[in-house]
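Every number in this text was worked out from the coordinates using simple rules, so none of it is lab data. Being a predicted model, the structure only gives us computed values, none of them experimental. Note that we place each Cβ from the backbone using ideal geometry, even for glycine, and neighbour counts take in every protein chain shown.
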Amino acid sequence: MSAWIDTLVVAWALVLSVGGGWVVTGLVLRLASRSRDAGTAGDDGGPTGAVPRAALRGGTWIGLLERLTITAAMLAGYPAAIAFVIAVKGLGRYPELREHPTASERFVIGTLASMGWAAIIGIGGLALMGGAVVGE
């Protein structure tokens, strides 16, 4: 495949990963907040309560960067880099999650939705490029 088409696929995959993941992650978090075991938003114990949102400041930007990095790692043929993303995110959030345990549910749900989306888009981008890793 030509380098131009590969470049377009990579650009498309990165944009779709970041933008589409924002929508998908938000939808998954809203659906999770409606489950029977989620509590209510008014008790600050569910994933949409005030405590989890206040405790997890910067989540939108972290999620955007996480999806960009994971999709790029998949396209570069280096999925092991995802472990670094998980480690940095977990270690960076640990103090907040320890202080606000009610935020951990929102953190886990959002992280899994975000990373899953990014990996799927990265795999799809590789498939469109015929399985070739970026730079080969």
*Could you tell me the distance between the Cα centroids of segment 3-25 and segment 80-136, to the nearest Å?*
15 Å
*Any idea what Rg and Dmax come out to for segment 71-110 if you just take the C-alpha atoms, in Å?*
12.7, 37
*Ordered by packing density, taken as the mean number of other Cβ atoms within 10 Å over each peptide's residues, highest first, how do 30-36, 82-88 rank?*
82-88, 30-36
